[in-house]
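In what follows, a structure is listed as structure tokens, so that the remarks can point back to it.
The values are calculated or read from the model by the stated rules, or taken from the named source; none is laboratory data. All values derive from a computational prediction rather than experimental measurement. Positions of Cβ are generated from backbone atoms using ideal geometry, with glycine treated the same way; all protein chains shown enter the neighbour counts.
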Amino acid sequence: MVGIDRGLPIQFKDTSLDAVKQLVGEERTVFVKGYFPESATQLDPATQYALVHIDCDLYAPMTSALKYFYPRLAPGGYFFIHDYTSLSWQGAERAVDDFFADKAEAGVSLPDGAGTIVVRKARRGGVDSNWLFDKQSRLLSSQWNYAANGGLSPLLTHGWSGPEPWGVWAIGNVSEVTFVRELNWTVPFVIEFDVAMALMNTRGSETIEVAVDGVHRCVWTFTTEANRGTRSVDIFGEPGITLRREMKVRFQIGSVLRPDLVNPEATDIREIGLGLYGVRKIGVKT
């Protein structure tokens, strides 16, 4: 498992096709064995679906299923998507958010015990009133918005762990935060991040290179004497923008830290780097 799912324990090994058939039954049912999406080659690509139920748990297979079935789902048809609000499978939630970010549809939670949402495919597309864009926009304001307990999850698009009571750790050497550019982003301003670095006595300092939409902007330096604090990124205005679009802020760290390799008493095996507590947008840059 990779990305947001890295480090999850292996589960659901004690099953088989026969066990599934015994549980589901075989009347009016066609079973397709294999790893998705490769197993989709056994399906008629011209088939159109009225209802699709997806239960993949992890980011990669969930994304593959959505990419395969969405164009084949009839307008007005339904997705039932498992585990989105279960709080147990962050990859499933992120895959759905990422996939529907540029689409008109949104999920509605069902009152079951498995975090299922239902999505009805729109009869007309468009992003003008896209739910995730609106949600992301509200998380960048002049007031601090905090990452504690998943508060910034819609913005964290690559390289982050699951939410914690204090905030969230970046996992691996590269992580990204994605904002939505609004029509009024035509003048320069500043985004401030409340951040800290995973430092221990064997690693007293570290730097992070910060890029915006692939363009290097600045370097943040962290030391044990000057660690958690507010660090900023200048965002330059873009006159002439007529539509909303994404803007990616990328953090690249030279080396990550595994607490269990530094402290024998630690049980955390994640490769952690930047700790994110909050974010806000401050006035026009002069």
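Side notes on the structure shown:
- Among the residues of the stretch 75-88, not a single one is in contact with a Pro (Cβ under 9 Å, 6 or more places away or on another chain) and at pLDDT 90 or above.
- Flag if VAL210 is at pLDDT below 95 and in a strand (DSSP E or B): no
- Scan of the stretch 72-89 for residues that are buried (at least 21 other Cβ atoms within 10 Å of the Cβ), outside any strand (DSSP E or B) and out of contact with any Ser or Thr (no Cβ under 8 Å at 6 or more places or on another chain), ordered by number: TRP89
- For the stretch 246-259, the candidate set comprises residues that are crowded, with 16+ Cβ neighbours inside 10 Å and at pLDDT below 95; within that set, the residue that is farthest from ALA101 (Cα to Cα) is PRO259.
- Among residues of the stretch 56-77 that are closer than 15 Å to LEU43 by Cα and assigned by TED's automatic domain parsing to the domain that holds GLU38, those with a beta-carbon under 7 Å from a residue that is in a helix (DSSP H, G or I) and modelled with pLDDT under 90 at least six positions away or on a different chain give the pairs TYR68/ALA40.
- Being under 18 Å from SER141 (Cβ atoms), surrounded by fewer than 21 Cβ atoms within 10 Å (Cβ to Cβ) and either out of contact with any Gly (no Cβ under 7 Å at 6 or more places or on another chain) or at pLDDT 90 or above (or both) is a property that holds for ASN184.
- Filtered residue count, the stretch 139-167, keeping only those that are among the hydroxyl-bearing types (Ser, Thr, Tyr) and farther than 21 Å from SER88 by Cβ: 3
- Any chance LEU66 is touching a Lys or Arg at 6+ places or on another chain (Cβ under 7 Å), crowded, with 19+ Cβ neighbours inside 10 Å and at pLDDT 90 or above: no
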